[in-house]
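A short worksheet on the structure shown next.
The values are calculated or read from the model by the stated rules, or taken from the named source; none is laboratory data. Owing to the predicted nature of the structure, the values given are computational and were not obtained by experimental measurement. Note that we place each Cβ from the backbone using ideal geometry, even for glycine, and neighbour counts take in every protein chain shown.
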Amino acid sequence: MPEAASPPTIDQLWTLHGLDRAPSDLSTDATLTAQTLTAQTLTATHEATPAPFTPRDTSDLPVISLAMGALSGAPVLSTGHTPDLIVQRVLGEGGMGRVLLATQQSLGREVALKVLKPEVSSASTVQALLSEARIAGSLEHPNIVPIHALGLDTQGRPLLVMKRIEGVSWREVLQDPEHPAWTRLLVSTDDKLVASVQVLMAVCDAAQFAHEHGVIHRDIKPDNVMLGRWGEVYLVDWGIAARLAADTPTQLVGTPGYMAPEMLSGNVRDLDTRADVYLLGATLHEVLTGTARHAGATLYAALVSALESAPVVYGPEVQAELAALANQATHHDREERPPSAEALRVQLATWLRHRASSRLAEQTRARLSDLATAAQDAAIDALVPRLAFDRIATECRFAFAQALSTWADNPIAHEGLRTCLTQMLTVALAREHLESAEALSAELGAHAAPFAPALTALKRARAQQADEAREGAQYRREFDPSVSRRERLIVLGVGVCAALAIAGYLAAQGGASTATVKQSLAFALFSLGCIGTATWVLRAQVMASTLSRRMGAVVFLALLTITLNRALALWHGNTDLAAVLMGDLQLMGAICALSTVAIARWFVGPTLALYAGSALIVAYPAHAAQLFTLAPVLALGMAMVATRNARQRPLEAHEG
């Protein structure tokens, strides 16, 4: 296969288009057409002599009545015609024609007229005006100036009637930060960049509409965007617009400061809608920097820049997302550009959404220094600095989250949120707030790695505290007098009932004075059996705590001791019941005395009651049986009062 031809160099293109013989003062920001070049250039490239204009070239156009008497060189109206258009003044003037302000009598409105200067009315200039009128007239869109009529004046020269725009060129506004037009543009925003992007989005709409109708503009730039008095945005000057794949002569057209590299061939068949996408990107570049994309000092330098279309290195003052979009849209390879003007508009709309997110993130990032300062005081957990830190941290965290809800990939918001969460984690660890620290660590993910040792240490400390708390709670429960208190009272009630039964029996037998040691042993065994049975039945409850078990052991040991004491007395033939009962009380007193040390200090009261009963038996042996009954009952009552008072301080009761 033959090798593909190398693309032409800038010097080859320069010669091909006859620019080596063009005027040296051609501007890089003015539209380049065949009419802007000299006759010598035209001779070298297209035609030896511009073909003269003849009325036959426009014989199919209607005559539009026009009165221009107030202007120099105005045509004379045809006899019998009442003019519909009365020219008021010149709105603008270029190399080939003029734009006039006229009053349309029939509709009572002002319109704009585009006419050719008599001295340049050649076949090519007429054809250019006709082409512009027919292309623009076929595009009915809110962002394209409506064409009202195309016809001839009274001398047969073409005349274009279009809507009169009350406004200024966008470039004029961009170059003047104090221009009055900014007042209208900033109605919905206080950001000039946002307002300019909104204008560019409207231009994208106009370009997309033209593309869908098979037309490319080929000269999109701020100069060709008009801003109306009421906020309208118009893409104007369709003079070099062309239909896609049209069979037109090879001719270099466009504005060098904005041209796409493929436009340098001058052949419409080399172009598609992405040439206009490039021009839209070049316009975005001017919005961002204030200069044209190919801002060369000379025409040659500008065309070199257009042919290379190297990426631009934007400064930090340029929004990174827009900078990337401008470079993408003006990429040398059109396959790398956004595929359409609509795709570019969508990316601009996305940036607008991101812009609100970015501004919120930037404003919140400024508060992170306040958060860092507050964190230094908040770590001590004092109330006032803690509340100040929590307030700032909550506000920053919420604001960054809001920014990310609008733009999930916002780098400023991501970094700011990480910084905020890191500060919060630092303070949470300093305060030993484990739950907050764990939640913040989970949210930070891998970024929490530096805090892992401190978090692990806090978890261990908290686990140890929890173990100690559980042990303390268990300890307090084991010695809480309220645990199983009802069951203990039932057991003691059984003992009291047994004592009452014994007292009743003695009364039936003639009184306590007739009781014997043998009977007292039987009574002790009876009481031991009753209390033992009750304890067995309620064993799960009575044995539920250490204190209950110890108190049960004291009662059981006391009954067992007096039973053994009476059995030994009977074994040794001791019939002195008073002496036996005195010994019983002394033994029970000794057991209570030991319980004062081993269980709780409130056993002191029962101990004293039992010893007091023993002493009274010595003094009043005849009433030994009654005193023996009274002393344990008194000791039991004192124990019940003591345990009730100790319910709120179980540890104190035990530790005493």
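Within region 198-214, restricting attention to residues that are buried (at least 23 other Cβ atoms within 10 Å of the Cβ) and more than 18 Å from Glu172 (Cβ to Cβ), which residue is nearest to the chain's Cα centre (by Cα)?
Top of the filtered list is Cys204.
Does region 107-121 hold any residues that are farther than 12 Å from Gly97 by Cβ and out of contact with any Leu (no Cβ under 8 Å at 6 or more places or on another chain), and which are they?
Leu107, Gly108, Arg109
Looking at region 331-415, what helices (runs of 4 or more DSSP H) fall wholly within it and have at least 1 residues that are under 13 Å from the mean Cα position of the chain (by Cα) and crowded, with 16+ Cβ neighbours inside 10 Å?
Those helices (runs of 4 or more DSSP H) span 341-365, 383-406.
Could you tell me which residue of region 597-635 is farthest from Asp576 (Cα to Cα), considering only residues that are without any contact (Cβ under 8 Å) to a residue 60 or more places away in the chain and among the hydroxyl-bearing types (Ser, Thr, Tyr)?
Thr607
Quick check: is even one residue across region 105-116 farther than 21 Å from Leu61 by Cα and either surrounded by 15 or more Cβ atoms within 10 Å (Cβ to Cβ) or β-branched (Val, Ile, Thr) (or both)?
Within region 105-116, none of the residues are farther than 21 Å from Leu61 by Cα and either surrounded by 15 or more Cβ atoms within 10 Å (Cβ to Cβ) or β-branched (Val, Ile, Thr) (or both).
State yes or no: is Glu212 under 20 Å from Ile240 (Cβ atoms) and among the acidic types (Asp, Glu)?
So Glu212 passes the test.
Just to be sure, is Val304 assigned to a loop (DSSP other than H, G, I, E, B) and not aromatic (Phe, Trp, Tyr)?
Taking the combined requirement at face value, the residue does not satisfy it.
Determine if region 236-247 includes at least one residue that is crowded, with 20+ Cβ neighbours inside 10 Å, at pLDDT below 95 and under 23 Å from Gln328 (Cβ atoms).
No, region 236-247 contains no residue that is crowded, with 20+ Cβ neighbours inside 10 Å, at pLDDT below 95 and under 23 Å from Gln328 (Cβ atoms).
When the residues of region 557-588 are narrowed to those that are of a type in the set (Val, Ile, Thr) and either buried (at least 17 other Cβ atoms within 10 Å of the Cβ) or at positive phi (or both), which ends up farthest from the chain's Cα centre (by Cα)?
Of everything passing the filter in region 557-588, Val580 is farthest from the chain's Cα centre (by Cα).
Looking only at helices (runs of 4 or more DSSP H) that lie completely in region 507-613, which have at least 2 residues being farther than 30 Å from Tyr475 by Cα and not β-branched (Val, Ile, Thr)?
Qualifying helices (runs of 4 or more DSSP H): 517-537, 546-571, 577-598.
The conditions are (1) within 21 Å of Arg486 (Cα to Cα); (2) touching a residue at least 24 places away in the same chain (Cβ under 8 Å); (3) among the aliphatic types (A, V, I, L, M), and Ile562 fails exactly one of them. Which is it?
(1)
Restricting the search to region 423-436, which residues are out of contact with any helix residue (DSSP H, G or I) (no Cβ under 7 Å at 6 or more places or on another chain) and touching a residue at least 24 places away in the same chain (Cβ under 8 Å)?
Within region 423-436, Ala430, Arg431 qualify.
I'd like the full set of residues that are in contact with an Asp or Glu (Cβ under 9 Å, 6 or more places away or on another chain) and hydroxyl-bearing (Ser, Thr, Tyr), limited to region 341-370.
The answer is Thr350, Ser358, Thr364.
Run down Asp276, Asp219, Asp237, Asp272 and say which single residue is at positive phi and touching a residue at least 40 places away in the same chain (Cβ under 8 Å).
Asp237
At pLDDT 80 or above, β-branched (Val, Ile, Thr), closer than 30 Å to Gln208 by Cα and in a helix (DSSP H, G or I) - does that describe any residue in region 107-120?
Among the residues of region 107-120, not one is at pLDDT 80 or above, β-branched (Val, Ile, Thr), closer than 30 Å to Gln208 by Cα and in a helix (DSSP H, G or I), which makes the answer no.
From the list Thr31, Thr38, Thr45, pick out the single residue that is of a type in the set (S, T, N, Q), surrounded by 19 or more Cβ atoms within 10 Å (Cβ to Cβ) and modelled with pLDDT under 50.
Only one candidate qualifies: Thr45.
Residues Asp219, Asp270: which one is surrounded by fewer than 22 Cβ atoms within 10 Å (Cβ to Cβ), under 22 Å from Glu308 (Cβ atoms), of a type in the set (Asp, Glu) and touching a helix residue (DSSP H, G or I) at 6+ places or on another chain (Cβ under 9 Å)?
Asp270
Does region 172-197 hold any residues that are touching a residue at least 60 places away in the same chain (Cβ under 8 Å) and out of contact with any Ser or Thr (no Cβ under 8 Å at 6 or more places or on another chain), and which are they?
Matches in region 172-197: Gln175, Asp191, Leu193, Val194, Ser196, Val197.
Right, Glu286: more than 28 Å from the chain's Cα centre (by Cα), at pLDDT 95 or above, buried (at least 20 other Cβ atoms within 10 Å of the Cβ) and more than 17 Å from Ile240 (Cβ to Cβ) or not?
yes
May I ask you to list the residues in region 312-330 that are among the β-branched types (Val, Ile, Thr) and either assigned to a helix (DSSP H, G or I) or free of Cβ contacts under 8 Å to residues at least 12 places away in the same chain (or both)?
Correct list: Val313 only.
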